[in-house]
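**Student:** First the structure, then my questions, so here it is.
Coordinate-derived values only; no laboratory data. Keep in mind the model is a prediction, meaning the values are calculated, not measured. Cβ placement follows ideal geometry from the backbone for every residue including glycine, while neighbour counts extend to all protein chains displayed.
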Amino acid sequence: MDQQPTAYELTFPHSEEEGAADTVVVRRTETAGPGGSAVYEDDSGIIRAEISDKGEVRMLASGGRQALSRPTSARPLD
């Protein structure tokens with residue numbers, strides 16, 4: 001986990017009616033996800049993702065009834 005970036009920019013698609021894609025920055029936490037990789041979250045703690053050392057993203061629910069969508073890209077910021 002030491003070699004992984006401390007932050008990623010995740011990009012999520014929008015429907016045609018909504019316009020441009022959304023981006024959110026997530027930062028590495030001290031916890032590991034179900035796959036054993038680092039968990040990243042945004043400042044609000046709502047957007048949570050397990051990101052492997054290969055850049056594979058698994059979105060994690062932060063609360064009940066949350067509809068998870070997959071990001072179209074995950075760009076390391078450092």
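**Student:** Using 0.36 nm per residue of separation minus the Cα-Cα distance, give me the extension gain between R58 and F12 in nm, one decimal.
**Tutor:** In short, 15.2 nm is gained.
**Student:** Nothing charged except the Cβ atoms of Lys and Arg (+1) and of Asp and Glu (-1): what's the magnitude of the dipole of the chain about its Cα centre? Round to the nearest 20 debye.
**Tutor:** Its charge dipole is roughly 260 debye.
**Student:** Mind checking Rg over Rh on the chain, alpha carbons, Kirkwood formula for Rh?
**Tutor:** 0.96
**Student:** Averaging sequence separations of C-alpha pairs under 8 Å and six or more residues apart, then dividing by the length of the chain, give the relative contact order as a whole percent.
**Tutor:** For the chain, the relative contact order is 32 percent.
**Student:** Related question: If you build a Gaussian network model of the chain, linking Cα atoms that sit under 10 Å apart, which residue out of E50, E41, E30 swings the most?
**Tutor:** Per the Cα network of the chain with a 10 Å cutoff, E30 tops the list.
**Student:** At R0 = 25 Å, how high is the FRET efficiency between A21 and S44 if r is their beta carbon distance? Nearest 0.05 is fine.
**Tutor:** 0.85
**Student:** Find, among the trypsin sites (Lys or Arg not before Pro) in the range 11-70, those assigned to loop by DSSP (not H, G, I, E, B) with at most 12 other beta-carbon atoms within 10 angstrom.
**Tutor:** Passing both the DSSP loop test and the Cβ count: K54, R65.
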